[in-house]
1. Does residue 55 satisfy the condition of being surrounded by fewer than 17 Cβ atoms within 10 Å (Cβ to Cβ) and under 24 Å from the mean Cα position of the chain (by Cα)?
2. Would a scan of region 73-90 turn up a residue that is under 24 Å from the mean Cα position of the chain (by Cα), surrounded by fewer than 16 Cβ atoms within 10 Å (Cβ to Cβ) and closer than 29 Å to residue 121 by Cα?
3. Which ones in region 190-205 are crowded, with 24+ Cβ neighbours inside 10 Å and out of contact with any helix residue (DSSP H, G or I) (no Cβ under 7 Å at 6 or more places or on another chain)?
4. Residue under question is residue 294, and the condition is that it be at pLDDT 95 or above and within 20 Å of the chain's Cα centre (by Cα); does it hold?
5. Being touching a residue at least 40 places away in the same chain (Cβ under 8 Å) and over 21 Å from residue 132 (Cβ atoms) is the filter here, so list the residues in region 67-89 that pass it.
6. Residue by residue through region 106-120, note down the ones that are under 16 Å from residue 255 (Cβ atoms) and part of a loop (DSSP other than H, G, I, E, B).
7. Only one of 288, 250, 292, 265 is in a strand (DSSP E or B) and either surrounded by 14 or more Cβ atoms within 10 Å (Cβ to Cβ) or free of Cβ contacts under 8 Å to residues at least 40 places away in the same chain (or both); which?
8. Restricting attention to strands (runs of 3 or more DSSP E) lying wholly within region 123-175, give those where 3 or more residues are farther than 14 Å from residue 85 by Cα, more than 11 Å from the chain's Cα centre (by Cα) and touching a residue at least 60 places away in the same chain (Cβ under 8 Å).
């Protein structure tokens with residue numbers, strides 16, 4: 001297996017470390033924040049490079065407009081706020097000022113999905129991937145742990161064009177290793193298998209790996225693919241896997257409408273029709289609760305993945 005658990009860390013801290021590293025190596029990198037420096041773990045960058053940081057305050061639409069303008073002078077702006085405020089609150093500004101003209105803005109969104117937890121539905125967002133992937137030219141990345149978030153932050157600085165980088169609040173297992181590498185648009189095979197393909201993104205990658213261990217006890221050999229880039233999607237790694245296993249489960253902390261699973265289903269229908277099940281929220285808002293309570297209630301944990309795999313077994 002191509003992973004090892006190195007203890008729990010929050011993915012937003014991976015973003016903070018990546019941004020700090022970029023500050024040392026790329027003088028064009030600047031950071032903007034909408035009054036959430038602590039939540040986005042940007043303080044280390046600010047302390048070292050105060051002249052390359054802009055505190056915009058609770059004015060997210062202005063932040064996107066300023067970021068777009070900074071690119072005209074050759075800067076590479078990284079904007080920081082909660083995923084809900086990075087997308088839903090400012091969609092018009094992103095569409096008109098950033099995506100339409102292909103501005104080199106990196107929209108960095110913390111506290112995504114249900115695992116924002118107790119702050120509830122007004123601060124959680126489960127439709128942001130759909131919003132962003134539908135924008136022409138927008139790259140969409142959703143990382144699974146601290147290491148991958150740091151690597152993604154470094155990678156998007158080198159990518160020309162707008163990027164939506166999505167990560168989370170809670171501490172989760174940090175299990176990807178440097179030897180896995182990070183290439184935008186290329187999925188990662190974490191565990192080979194022959195009976196079922198599980199394609200996961202974000203926090204659901206670890207849950208999928210744990211599900212695979214339990215499935216082994218039932219003599220079901222699951223192949224686990226980590227999809228960190230939802231757009232552009234790595235069609236090749238998915239199709240290669242399902243042609244071997246004959247069925248697929250997608251797993252994400254997002255609405256099934258507009259998410260990773262929906263993108264995968266398009267690939268399957270066009271190229272290799274086979275049974276497929278979805279792990280995702282079902283056209284609903286979230287609610288207040290601890291991350292673990294919410295993941296269990298909304299069917300976003302290893303037990304839910306196992307149930308869907310067993311359903312697939314009977315459909316094959």
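The values are calculated or read from the model by the stated rules, or taken from the named source; none is laboratory data. Model, not experiment: these values are computed from the prediction. Cβ atoms come from the backbone with ideal geometry, glycine included; neighbour counts cover every protein chain shown.
1. Answer is no for this residue.
2. Yes, region 73-90 contains a residue that is under 24 Å from the mean Cα position of the chain (by Cα), surrounded by fewer than 16 Cβ atoms within 10 Å (Cβ to Cβ) and closer than 29 Å to residue 121 by Cα.
3. 202, 204, 205
4. Values: at pLDDT 95 or above: yes; within 20 Å of the chain's Cα centre (by Cα): yes.
Here the answer is yes, as residue 294 does meet what is asked.
5. Within region 67-89, 74, 75 meet the criteria.
6. Once the filter is applied, which keeps residues that are under 16 Å from residue 255 (Cβ atoms) and part of a loop (DSSP other than H, G, I, E, B), region 106-120 yields 112, 113.
7. 250
8. Details: elements: 139-142, 163-166, 171-173.
Output list reads 171-173.
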